[in-house]
Amino acid sequence: MERTHYERWIEDCINHDSRYGKFTLDNIRNYQYKKIRETMDYAKKNSPFYREKLKGINSYDIDSLNDFAMKVPFTTPEELANKPLDFLCVPQHMISRIVTLKTSGTLGDSKRVFFTENDLERTIDFFHNGMKYLVSKDNRVLILMPGDYYGSIGDLLKKGLERLGCSALILGPVEDSLKVLDMLNLRDIDCIVGIPVQIYQLARFKSSNEKYRGIKLKSVLMSGDYVAKSIVKVVEKAFNCKVFTHYGMTEMGFGGGVECKCISGYHLREGDIYFEIINPISGEVLPWGNEGEIVFTTLTREGMPLIRYRTGDKGKFKTSSCKCSILPRMDYVKGRILEEVRIEDVNIDIGTLDEAMFTIDNLLDYKARFKKGNIIQIWVKSMDPKAPVNQYEIEEALKESLIGNLIREEKLIIEYCGEMEDIEISTGMFKRKLLFYLF
Ligand SMILES: [Zn+2]
């Protein structure tokens, strides 16, 4: 099969650094190993945090990627929240963009992530190359992600798209689905990029309204949150086009990996980031294909490199190789390690619920909270409030999912709580989560 854009891009990334010759997985790993050692030296020299953290660990003692996993400790989001400035490797005047991330209840402080101009450039380059699967020259893209500020995700994506010869319009997160659909009707848009549940809502409104029948897209990209396959299905059907998903987080420099046209998991940003999957309890690296916590190390970050940073996201590498490339892929990321409950042998997380809930035709969004006594409370946002989604529909949908047996055997109770009152518009900075109420 013809080599993909993405493969050529990763090859350029690693060969730009020094000649690694043939494009093989070994050569990619050699490149990453070398960049990891450079990153360790750089971070130790320039950041107070890593000077302390890596005390007594010398990069020249690390003789393989395995050795790296054995000897180098993790960096946690708590550490980043506690002392963000201690991570800085450059003087503050070299910082072009600071992102403040509010953290969940357990962490008091906000995480702050700093990027230099070069860091932003690497992300633009990733967006430029990752988007080649979705659009081509002269296409028009509507960006439904935050983009008001210099160096924001929308701004960087727009710049990447312009390098492809596309024009991009940044609208920001969707506040009114119908307005966006009207816009798609009027303007000649080829591709939309947005937050999964928001694009899902556009799809539901489009399918239920004749007026929007004529909207034709070439591709859709969903980013900024976990993506359930049920969401992909609804969007694919409504817009009758390929639906791609992207995985990333701010700490990665927004971008982490994107799907190729085979639509079967993320090809990772191997030139800039090294990924590991670990056992969240023991910290050991898991054998290829096992599910665990995603950990990453930045390879080219200037402002604020992160070494073995624990994302809290649950993921696994795919064991089969993609038709398009030798590049490894990561499977869809479905939720967070700490935000799941285990009943009998079944893990329940937001991803499991999403898969079932978003098959309900009249459902726009929902909120779920786990309560003592194995109860899941569910609030819904119905598309037609006059005929709201009811308990029966929810139970029927959930009975088809991995937790179906638990419900049938009454080991798990679904408590219907009616319509959601607070409807937060997701900015893509917060991911969907299963809430807990344990008292
Ligand atoms: Zn592929």
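The values are calculated or read from the model by the stated rules, or taken from the named source; none is laboratory data. It should be emphasised that the depicted structure is a prediction, and the values quoted were computed from it without experimental measurement. Ideal geometry is used to build each Cβ from the backbone, glycine not excepted, and the neighbour counts take in all protein chains shown. Just the protein is used for accessible areas: all its heavy atoms, side chains included, with ligands, DNA and RNA removed. Shrake-Rupley method; radii C 1.70, N 1.55, O 1.52, S 1.80 Å.
Out of the strands (runs of 3 or more DSSP E) lying entirely within the range 283-371, which hold 1 or more residues that are more than 16 Å from the ligand (Cβ to nearest atom) and within 23 Å of Asn66 (Cβ to Cβ)? First the steps, then the outcome.
Values: elements: 292-298, 309-315, 341-343, 346-348, 363-371.
Result: 292-298, 309-315.
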Query raised in the report: Would you pick out the residues in the range 166-204 that are open to solvent by 40 Å² or more (accessible area, probe 1.4 Å) and among the hydrophobic types (A, V, I, L, M, F, W, C)?
Result: Leu169, Ile170, Leu171, Leu178, Leu186
Query - Enumeration of residues in the range 111-134 that are in contact (Cβ under 8 Å) with a residue 40 or more places away in the chain, hydrophobic (A, V, I, L, M, F, W, C) and open to solvent by 10 Å² or more (accessible area, probe 1.4 Å) - result: Phe127
Query - Given (1) outside any loop (DSSP other than H, G, I, E, B); (2) of a type outside the set (Asp, Glu); (3) under 23 Å from His267 (Cα atoms), index of the condition Leu142 fails - result: (3)
Report task. May I ask you to list the residues in the range 266-282 that are farther than 22 Å from Ile14 by Cα and either within 13 Å of the ligand (Cβ to nearest atom) or hydroxyl-bearing (Ser, Thr, Tyr) (or both)? Result -> Ser282
Report summary line: When every residue in the range 1-19 that is out of contact with any Leu (no Cβ under 9 Å at 6 or more places or on another chain) and within 16 Å of the ligand (Cβ to nearest atom) is compared, the one modelled with the lowest pLDDT is Met1
Query raised in the report: Any residue in the range 364-372 that is open to solvent by 50 Å² or more (accessible area, probe 1.4 Å), among the hydrophobic types (A, V, I, L, M, F, W, C) and more than 22 Å from Val232 (Cα to Cα)?
Result: no
Query raised in the report: Can you tell me which residues in the range 64-76 are touching an Asp or Glu at 6+ places or on another chain (Cβ under 8 Å) and surrounded by 16 or more Cβ atoms within 10 Å (Cβ to Cβ)?
Result: Ala69
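Is it true that Pro305 is more than 12 Å from the chain's Cα centre (by Cα), surrounded by fewer than 18 Cβ atoms within 10 Å (Cβ to Cβ) and not β-branched (Val, Ile, Thr)? Can you show your working first?
On the way: more than 12 Å from the chain's Cα centre (by Cα): yes; surrounded by fewer than 18 Cβ atoms within 10 Å (Cβ to Cβ): no; not β-branched (Val, Ile, Thr): yes.
In short, no.
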**Report entry** Options Lys34, Lys22, Lys55, Lys45; residue that is of a type outside the set (Ser, Thr, Tyr), surrounded by fewer than 18 Cβ atoms within 10 Å (Cβ to Cβ), modelled with pLDDT under 85 and more than 16 Å from the ligand (Cβ to nearest atom)
**Finding:** Lys22
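If I ask for residues that are under 15 Å from Met249 (Cβ atoms) and in contact (Cβ under 8 Å) with a residue 40 or more places away in the chain, which ones from the range 277-297 would you list? Outline the logic, then answer.
Filtering the range 277-297 for residues under 15 Å from Met249 (Cβ atoms) gives 293-297.
Answer for the range 277-297, where residues must be under 15 Å from Met249 (Cβ atoms) and in contact (Cβ under 8 Å) with a residue 40 or more places away in the chain: Glu293, Val295, Phe296, Thr297.
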Query raised in the report: Checking Tyr332 against (1) under 18 Å from Glu415 (Cα atoms); (2) open to solvent by 10 Å² or more (accessible area, probe 1.4 Å), which test does it fail?
Result: (1)
Query raised in the report: Just wondering, is there one or more residues in the range 255-265 that are away from the ligand (no atom under 16 Å from the Cβ), touching a residue at least 60 places away in the same chain (Cβ under 8 Å) and surrounded by 23 or more Cβ atoms within 10 Å (Cβ to Cβ)?
Result: yes
Report task. Using the structure shown, decide if Glu424 is open to solvent by 50 Å² or more (accessible area, probe 1.4 Å) and modelled with pLDDT of 90 or more. Result -> no
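Can you find a residue in the range 383-394 that is assigned to a helix (DSSP H, G or I), more than 16 Å from the ligand (Cβ to nearest atom), surrounded by fewer than 19 Cβ atoms within 10 Å (Cβ to Cβ) and not acidic (Asp, Glu)?
Scanning the range 383-394, I find at least one residue that is assigned to a helix (DSSP H, G or I), more than 16 Å from the ligand (Cβ to nearest atom), surrounded by fewer than 19 Cβ atoms within 10 Å (Cβ to Cβ) and not acidic (Asp, Glu), so the answer is yes.
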